[in-house]
Amino acid sequence: MNEYLMKAYAKINLGLDVIGKLENGYHEVKMVMQTVGIYDELFLEKTEEGILLTTDSESLTSGQDNLVWKAARLMKEHYGISQGLRIHLKKNIPIAAGMAGGSTDAAAVMKGINRMFDLGCTLKELMELGVAIGADVPYCVMGGTALAEGIGEKLTALPPAPDCYVLVAKPDISVSTKYVYEHLDLGKIQSHPDIDGMVEAIEEGSLQGILDRMENVLEQVTVPAYPVIGEIKNRMKELGAVNSLMSGSGPTVFGIFTEEERAKRAGEQIRRRQLAKQIFVTEFC
């Protein structure tokens, strides 16, 4: 196999809690992750040598600091692959948006190389290798609905979450994950999400049980700093979302709807009010 096309799916956090801070500076988290049907496309092609990365996004570098490039190098070095790779990234997932866009691209490249070169790696092996690139990469290798603990690398697969429609809106701002965690005062967290209860609701197939427990402690930093996030959340609820939440460290906001048309109309209203430029109506996957 000399060519391969991979889809790299975005994620949202149905619940995100920060438990504490580790000695190495990382934060210990407990969260429920969910892939959604927004995806980047990566075209992989074997070459004689080296790694050549191109992308249709002017906002991304094609150099060695790109997670896609790092993932390709890691796979080549770890498995002794002498042939080169040409990779083209078509970007659809919002960038720096709390949706693991870079991590899911890296995970897709790892899975693509595994198949192209017939390495026979299990998902577990790729997940263990991928944490060297980033804490979200193991989850992105696995996908679906999962409980993530530790720094995000300790994963427990969960049953698929009940069907619904997801309105995703990314405002025209960038949020630094580093800034959010540096300004999170663990002693002043006003409330913690019921992650265990959400896991039980997922196992029971209760969409309402999930919606009742949607909470993200990072909003306590990000929303005051970027009020448009709170505006989008409130507007989604006014327009029919059963609940709405910021994903990751932001600034992307998603709302859960039971009717697709209602989600589409809400998205149009948010666009008209110029609260967000990148808007999608999608589903869990």
Checklist entry - Which of the residues spanning the stretch 30-86 are aliphatic (A, V, I, L, M), in contact with a Ser or Thr (Cβ under 8 Å, 6 or more places away or on another chain) and within 14 Å of residue 117 (Cβ to Cβ)? => result 85
Checklist outcome for this item: Among the residues of the stretch 212-227, the number that are crowded, with 19+ Cβ neighbours inside 10 Å and in a helix (DSSP H, G or I) is 4
Checklist entry - Among the residues of the stretch 188-211, how many are surrounded by fewer than 20 Cβ atoms within 10 Å (Cβ to Cβ) and assigned to a loop (DSSP other than H, G, I, E, B)? => result 7
Next on the checklist: If residue 126 satisfies all but one of (1) in contact with a Ser or Thr (Cβ under 9 Å, 6 or more places away or on another chain); (2) modelled with pLDDT of 95 or more, what's the number of the condition it fails?
Outcome noted: (1)
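For the stretch 1-104, give me every one of the strands (runs of 3 or more DSSP E) that falls completely inside it and has 1 or more residues that are of a type in the set (Lys, Arg) and more than 30 Å from residue 194 (Cα to Cα).
In the stretch 1-104, 3-21, 27-47, 84-90 are the strands (runs of 3 or more DSSP E) which contain 1 or more residues that are of a type in the set (Lys, Arg) and more than 30 Å from residue 194 (Cα to Cα).
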Checklist entry - Does residue 141 satisfy being in the same structural domain as residue 17 (by TED's automatic domain parsing), closer than 21 Å to residue 99 by Cα and not in a loop (DSSP other than H, G, I, E, B)? => result yes
Item to check | Scope the stretch 91-100; condition closer than 12 Å to residue 42 by Cβ and either hydroxyl-bearing (Ser, Thr, Tyr) or surrounded by fewer than 24 Cβ atoms within 10 Å (Cβ to Cβ) (or both); matching residues | outcome: 91, 92
Checklist entry - Mind checking which residues of the stretch 17-52 are of a type outside the set (D, E, K, R), within 24 Å of residue 91 (Cβ to Cβ) and touching a Lys or Arg at 6+ places or on another chain (Cβ under 8 Å)? => result 33, 34, 35, 36, 39, 42, 43, 44, 47, 51, 52
Item to check | Unmet requirement for residue 87, which otherwise passes all of (1) buried (at least 16 other Cβ atoms within 10 Å of the Cβ); (2) free of Cβ contacts under 8 Å to residues at least 12 places away in the same chain | outcome: (2)
Checklist entry - So, in the stretch 41-73, of the ones that are touching a helix residue (DSSP H, G or I) at 6+ places or on another chain (Cβ under 7 Å) and among the β-branched types (Val, Ile, Thr), which residue ends up surrounded by the fewest Cβ atoms within 10 Å (Cβ to Cβ)? => result 51
Checklist entry - Any chance the stretch 74-82 includes a residue that's free of Cβ contacts under 8 Å to residues at least 24 places away in the same chain, outside the structural domain of residue 228 (by TED's automatic domain parsing), farther than 28 Å from residue 245 by Cα and surrounded by fewer than 16 Cβ atoms within 10 Å (Cβ to Cβ)? => result yes
Checklist entry - What are the residues in the stretch 162-178 that are surrounded by fewer than 21 Cβ atoms within 10 Å (Cβ to Cβ) and part of a loop (DSSP other than H, G, I, E, B), if any? => result 162, 163, 164, 172, 173, 174, 176
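The values are calculated or read from the model by the stated rules, or taken from the named source; none is laboratory data. Keep in mind it's a predicted model, so treat the numbers as computed, not measured. Every residue, glycine as well, gets a Cβ built from its backbone with ideal geometry; the counts of neighbours run over all protein chains shown.
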